[in-house]
1. Cα axis of helix 16-26 to longest principal axis of the chain: angle in degrees, 0 to 90, nearest 10?
2. If each residue's Cβ is checked for other Cβ atoms within 10 Å, how do K257, K201 rank with the fewest at the top?
3. Taking the Cα atoms only, what angle lies between the long axis of helix 304-313 and the longest principal axis of the chain, rounded to 10 degrees?
4. To test your reading of the geometry: what angle, between 0 and 90 degrees and rounded to tens, separates the Cα axis of helix 239-254 from the longest principal axis of the chain?
5. By count of other Cβ within 10 Å, fewest leading, how are T11, T341 ordered?
6. By how many nm would the segment from Q206 to F30 grow when fully extended, if each residue of separation counts as 0.36 nm and the alpha-carbon distance is taken off?
7. Along the Cα→Cβ direction, 7 angstrom out, place labels at H37 and Q268. What is the inter-label distance in nm?
8. Going by how many other beta carbons lie within 10 Å of each one, how would you line up M146, M22, fewest first?
Amino acid sequence: VTVLYLDHAATTPMRPEVGAAMAPFLSGEFGNPSGMHAVALRAKNAIEEARERVAGLLGARPLDVVFTGGGTEADNLAVAGVALAGGGRGGVVTTAIEHEAVLATAHHLAALGCPLTVVSVDRSGVVDPERVQAALAGGTAVVSVMAANNETGAAQPVAAVAAALAGSGVLVHSDAVQAAVSRRCSLDDLGVDLLSLSAHKLGGPQGVGILAMRPGIALEPVIHGGGQELGRRSGTHNVAGIVGAAIALEVAVADRKRLVDDVGEARQRFETALLAALPDVEFTITGRDRLVQHSHLRIPGVDAETLLVRLDGMGLAASAGAACHSGAVAPSHVLTAMGLTPEEAAGCIRFTFGWDTRPEDGDAAAALVITAAGALR
Ligand SMILES: Cc1ncc(COP(=O)(O)O)c(C=O)c1O
């Protein structure tokens, strides 16, 4: 069965350019970049070249780019790193729809004594910047608002949040892990002080994250050890992964317009065909500002898990909610925060298109979903 892969929000197939750039560092070039000899220096040069590339694309200085062991770790370092900087217990303001990488970190910090406010959202799935601003207190150190939600695809008004806080001394972080594939996400584009990315959502390898920051931000490390990454992230570098992450970001940026066009057409065809055959299909995000690669929906009377299993058997890979932590079938905290009932949430299914999606894949996917849903109703 040909697999129609529509789960790019969970992870993306690796771009060929990325694998090619990584290959030397998975075989002959094995050096530890922290060493002093030629073998080590070649690895160090590769990392520093990757850092410059990433810094240029994100509008940061190279020394303000930290490579981590994934998007989760970049989020942890941003939020905990700022809140705990200088031995403090800074306050955290975040939102109910963040990825667990931010939310669970925020709750962990609260247990350590950092004041925490989690801003709720309404059915739109979009955070209200005024509510974020109203949540600020004297001791707030960091505000974290994702650029777009990984489940629903709802884009968030990060720039408005950041603009409202300009000059306040409160640092603004954004998890741009899902948004960066289809939207401009430099520090200036988002207007933020810190941003997190994950290579595997961009056609790069799993297990590599990027945290980019404005100059002069002091971070308390989350991982302690040999002092790599200027003490901000200890541990021997994942050289191949870092090289791959930088190429992935570069290719993603260069190919963004083409991706947005193709994916936009695929989704348009998909949703139009679904609506024609299943007029009661409900799209979770009805506002206009959603990521072009996301289609999050439910078909009343059709259970998501059952539909997914059936689709999988037909060669279509999609997911229910966030696959990043799948296994547990608890109602999604994002959909719950938006006010969906447990039944509604259990019906939701997420199709996410990506760099290898062709416009006609939208038709093919719709045909499979219509057949599968028809058999289940
Ligand atoms: C919005 C968001 N943030 C963070 C992460 C975590 O990134 P990683 O899988 O690289 O740890 C993910 C997905 O897994 C995500 O979708």
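1. 40
2. On the way: K257 10, K201 26.
Neighbour counts put them in this order, fewest first: K257, K201.
3. On a 0 to 90 degree scale, this one is about 90.
4. The helix 239-254 is inclined about 60 degrees to the chain.
5. Values: T11 18, T341 11.
Ascending number of Cβ neighbours within 10 Å: T341, T11.
6. Working: separation 176, 0.36 × 176 = 63.36 nm, distance 1.89 nm.
Extending this stretch completely gives an extra 61.5 nm.
7. Taking the two extended label points, one gets 5.9 nm.
8. Details: M146 27, M22 23.
Neighbour counts put them in this order, fewest first: M22, M146.
Laboratory data are not the source of any read-out in this text; all were calculated from the coordinates shown. Because the structure is a prediction, the values reported are computed rather than measured. Reconstructed Cβ throughout: ideal geometry from the backbone, glycine too, with neighbour counts over all protein chains shown.
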